[in-house]
């Protein structure tokens, strides 16, 4: 039985973290037949993460998503190696637990550059290939923080960056639908990853769970399954959408 992403070439940014959403997506995509490319800041860590997923049909590449030339070079490496680019998961991101009056220009640029500028630059790098082959799927990792105005770990600038991703995603979906390119987002709630792991005391967990109807924190695999749906033909008539993966933390 063929997988949902059989022979699709899929790039996942920010995928080198051992317990991250990107790594979980890489594993799941590979299980569904994809050729998986992990793109991250450190080439060796990207290669190690790719090899950890599988010794076959994986590739690790270096990519600084805040640098347009780096994004273009990464996309060219993938296209040269496999002849096409079918899926892009814009997953790279950072967070800072600051309040409004604490945010400096440097803080603002650090957070918005990785999430929002990174999404733009990496999308710009792969879209020409997708247009040429008349199809593709882009999925962007936003956050419930964009919808509910923060209130967990990320500061207001994180909420702003993630909300900007939703707007950019919809605009791109309108522009590139004519080329059979779908652009969607996921909005995860509180997910247990490398980023959140050190901050979640038992007391904080108990407090957070009172606001989650499913009564558990999310795992990286929960978000990876959302990626799989939006990257595959299961969502062939879905574009410009935001898929909530938050256990019911935020409903609207």
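A few comments on the model shown:
- Inter-site label distance for residue 2 and residue 238 at 7 Å from Cα along Cβ, in nm: 2.1
- Principal-axis tilt of helix 43-53 within the chain, Cα atoms, nearest 10 degrees: 90
- Cα-based helix-to-principal-axis angle, 118-133 vs the chain, degrees rounded to 10: 30
- Computed over the chain, the convex hull of the alpha-carbon atoms projects to a mean area of 13.4 nm².
- Each peptide in 120-131, 152-163, 41-52, 204-215 receives the mean, over its residues, of other Cβ atoms within 10 Å, and ordering these scores from highest gives 152-163, 120-131, 41-52, 204-215.
- C-alpha center-to-center spacing [segment 14-35, segment 65-105] in angstrom: 16
- Cα gyration tensor shape for segment 11-91, rounded if a/c is under 1.5, else prolate or oblate: oblate
- The simple Förster model, with R0 at 25 Å and r as the Cβ-Cβ distance, assigns residue 201 and residue 67 a FRET efficiency of 0.10.
- Simple spin-label estimate for residue 76 and residue 44 in nanometres, 7 Å along Cα-Cβ: 2.6
- Compared with the dominant Cα axis of the chain, that is its longest principal axis, helix 156-176 is turned about 30°.
- FRET efficiency estimate (nearest 0.05) - Cβ-Cβ, residue 219 to residue 131, R0 25 angstrom: 0.10
- Inter-centroid distance (Cα atoms) of segment 115-155 relative to segment 238-252, Å: 15
- Residue 84/residue 252 FRET efficiency (R0 45 Å; Cβ-Cβ; nearest 0.05): 0.75
- Extension gain, residue 54 back to residue 106 (0.36 nm per residue minus Cα-Cα distance, nm): 14.9 nm
- Over the chain: helical MRE at 222 nm, DSSP H runs n ≥ 4 each giving -39500 (n - 2.57), nearest 500: -13500 deg cm²/dmol
Quick note: the coordinates plus some simple rules give every number you see, no bench work behind them. As the structure is a computational prediction, the values presented were derived from the model and not from experiment. We place every Cβ from the backbone using ideal geometry, glycine too, and count neighbours over all the protein chains shown.
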